[in-house]
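Structure record follows, encoded as structure tokens.
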Amino acid sequence: GGSIKYWMGEDLIHYLPVESNCVVIAAPYSIVDKKVGALGIIGPMRLPYEHILSLLHTMAEEVSLYLER
């Protein structure tokens, strides 16, 4: 696991050719406490954040557990 990171609107200006009203949210997954990747979502700024953050956190934990088997 690890902390979820996010980038919104102007944070993405260096990555997109036009102004954006979207958000990128990423949740890292690990193998024995070493971050090895991240699951993410790209969407409009009007997302159900509580649900999305919970879902990404749970999915990242499950991926970590799977990779550690």
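The values are calculated or read from the model by the stated rules, or taken from the named source; none is laboratory data. Keep in mind that what you see is a predicted model, and the values were worked out from it rather than measured. For neighbour counting, all protein chains shown are included, and Cβ atoms are generated from backbone atoms with ideal geometry for every residue, glycine included. For accessibility, only protein heavy atoms count, side chains too; no ligands or nucleic acids. Shrake-Rupley method; radii C 1.70, N 1.55, O 1.52, S 1.80 Å.
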Margin query: Suppose only helical runs count, i.e. DSSP H with n ≥ 4. What mean residue ellipticity at 222 nm does that imply for the chain under -39500 (n - 2.57) per run, divided by all residues and rounded to the nearest 500 deg cm²/dmol?
Written below: -10000 deg cm²/dmol
Margin query: Under a crude label model (7 Å from the Cα following the beta-carbon direction), how far is E68 from A38 in nanometres?
Written below: 2.1 nm
Check: How big is the C-alpha Rg of the chain next to the rule-of-thumb value 2.2 N^0.38 Å, as a ratio?
Finding: 1.22
Notebook entry, point to check: So how do Y29, Y6 rank on accessible area, 1.4 Å probe, biggest first, that is with the largest at the start?
Noted result: Y6, Y29
Check: Under a plain spin-label model, where a point goes 7 Å from the Cα along Cα-to-Cβ, how far apart in nm are N21 and Y49?
Finding: 1.7 nm
Notebook entry, point to check: For the Cα atoms of the chain, what angle does the longest principal axis make with the long axis of helix 49-68, in degrees from 0 to 90, nearest 10?
Noted result: 40 degrees
Item checked: Accessible area (Å², per residue) of the chain, counting only protein heavy atoms and a probe of 1.4 Å -> 76 Å²
